[in-house]
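Worksheet: the structure to be examined is printed underneath.
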Amino acid sequence: MKHGAERAIADERAADERYRIGLRREESRRVPVHQGYGDARRIPSKAALTPVPPRRGLLGRVELAEHTDFFDGTNFYIGSRPLDADGLMVFSWAAPIASTFFQNRGTHDLCPRVTARRTLLRRGGQITDYVDDDGPAPRTAEPFAARRLSIPKAPARRPLPGRSIPEQRSLKSAAQARTDRQPAQPQQTASTLRAGLAVLAAIEAPRAERLTSVLATLQPDQYTHVTAAADASVVIQGHPGTGKTVIAAHRAAFLVHRDNEQRCRSVLIVGPTAHYVRHISGVIDDLVEEEGSVDSLAIEEVLLEFRGLSAQIDGSQPVVLRDTHSELAEFAEQAARLLRDEGEIGPRVAHADCVRHVYEALRHNRVGRARLTRDRDWARYLRELPEFELASTQRRYLGLLAACGVAAAGAPPYAYDHVIVDEAQDLTALEWAVLMRMNRGSWTLLGDINQRRSDLSCHSWSRVSTVLGRPLAVETLRCGYRSTAAIMQFAGRLLSREEQTVESLQTGGVPPAIRKARPTELYIRVSAEVSAVLSRHPEGTAAVISMAPQQVVRALRIAGYHEDPADDTTMVRDGERVRVLDPQEARGLEFDAAIVVEPGNFPPRLGGHGLLYTSLTRANRELVIIHSNPLPAALRRPGGASTTPADPAWKAARRQRGA
């Protein structure tokens, strides 16, 4: 053990406690200021912004080569909020000076003077370890010299989860100490991976049901995207597991942080599903300091809110390209203007009736004597629209009715300073047209064109740029933080060679297992495999992804599982939990292990396998494929996966069923 490590941990714990006490003292002096935003209301009904107590302590520490005019001393801390009291100098993670901690060569004047950085690691909220990294400036003395503090007895040094910490704190020696362990080592060197030991520990740790903040180990490229200027519109393109959702959630917290010089008053995160919204809520709850400043919504929630009708919708999807074309929003706006001039819609008319009037005007392609379009193809499409009562119950026409609702409202009822859209590759031009009415600022779009689930969504980022009417800079992420290289290489067979560009931190890994079953035994096999997977990941998370989730649920019920009353996609037995999802619901989520059932039944899109590719890349550690029908041709190529013999649980299940 490095000499003085116990003392250093105790010292950092004492500083952390003083920091929290100082923040509470400052917060008690603050007078809450309720800020009103006039007509800039947001979709969820929330109270005015109110401060909440700090949830997070110190993140890390920076040592400089020499004294500076910025403060007295040569080292300082990075925390959730700034503090200069009781001998502590702490800067906020959202302040420009924080780049000295997050980036090797950041934009702040002090970045070249950094000799060392210390990342503080926690377990159960308490500091248990640290990782020191060198900075660009040469060291002239031992960094982070012990302060003269009155501290409790030093605790025993606890290692990072699952490994023994070597005496030397460098990443190189740590990697050498792990050469006999399976399966993965980071490809990055100390110059590109910050706090490498902590990052690797986090990657290999069991997944949680909710995404948690990784602020202390945020990597330089992630920090760059998180802290980009609020007035910049950008697309962040990346393969599965490259950290897009981490960037989305942390960027929302940064944009509304009180120490951000370009602070936004309100930010919206739009995700693909309600499951995604719950998944990122851990980060939002942890980092966002003012309630009501960040809203998280699924795209369907946004559309339903703008539609403003009580009718429930079915599971139908748009059928033809015109169902999703942005010109429908233009027709709705034109119809609403004409109807407003004639007094048919307005503030004294119920919203549902206004939506009906706009929709019926589209169906008839006219308001009074004025036609909405003279294009024959569009006129035919509008003429064939179903009656309002039927359309209001179909998911196929949700985007159209939302556009009618937006147009009928006149002035935008909800507005945000910045809108972040995750899984942005799946939005149609019509959905973008609706979202545009909510955004009075710029965009951060995150996604992967290879994961498009439908041929009706925008086929490229340039198409999205055209619909939004503004240029979008495209940034590419290439480092994979989630899945092992074995999983990514297997899933990558669905892509062209040019698109297989992700570099997984977890090199190697167990090859995906392919298990073939008779058609009559398929779901019995799935049930047995669930038990086997859960036994291998007792502290982690697992999911079954299938085009027929009800068949999976039925098999699990027979095996003794029951639905979780709080989440009908979760099956429980004797404390074990497994999610059962269709490919749509699995988007944006991650698990320790995933079982993908009948890949050949996943509908392809033109020139790709977006839904299947997404499903195959949800797993962090283990991927199992169970099928009775032929696999897609790309997955039948030899190499990269193993067809394994039946495990004992499967044999036992067959005996119980009399197979």
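Descriptive notes on the structure:
- For the pair Gln500 and Arg573, a Förster radius of 41 Å applied to the C-beta separation gives a FRET efficiency near 0.60, rounded to the nearest 0.05.
- Surface analysis of segment 212-316 yields an accessible area of 29 Å² per residue, using protein heavy atoms and a 1.4 Å probe.
- Against the criterion of solvent-accessible heavy-atom surface with a 1.4 angstrom probe, Asp417, Asp109 sort, most first, into Asp109, Asp417.
- For segment 570-601 versus segment 431-445, the spacing of their alpha-carbon centroids is 31 Å.
- Note on His459/Asp86: beta-carbon distance plugged into 1/(1 + (r/R0)^6) with R0 of 51 Å gives a FRET efficiency of 0.35.
- The alpha carbon radius of gyration of segment 465-532, expressed as a multiple of 2.2 N^0.38 Å, is 1.69.
- Prolate/oblate/rounded label for segment 313-403 (Cα gyration tensor, a/c 1.5): oblate
- Nearest-10 value in Å² for the accessible area of Asp568, using the 1.4 Å probe: 110
- Our compactness index for segment 542-607, the C-alpha radius of gyration over the empirical 2.2 N^0.38 Å, is 1.15.
- Ligands, DNA and RNA are left out, and with a 1.4 angstrom probe the accessible area of segment 366-521 is 40 Å² per residue.
- Arg105-Ala208 pseudo-label distance in nm [points 7 Å out on the Cα-to-Cβ vector]: 3.5
- Qualifying GluC sites (Glu not before Pro) in segment 217-316, DSSP loop, other Cβ atoms within 10 Å at most 11: Glu261
The values are calculated or read from the model by the stated rules, or taken from the named source; none is laboratory data. Being a predicted model, the structure only gives us computed values, none of them experimental. Cβ atoms come from the backbone with ideal geometry, glycine included; neighbour counts cover every protein chain shown. Only protein heavy atoms, including side chains, enter the accessible area calculation; ligands, DNA and RNA are left aside. Shrake-Rupley method; radii C 1.70, N 1.55, O 1.52, S 1.80 Å.
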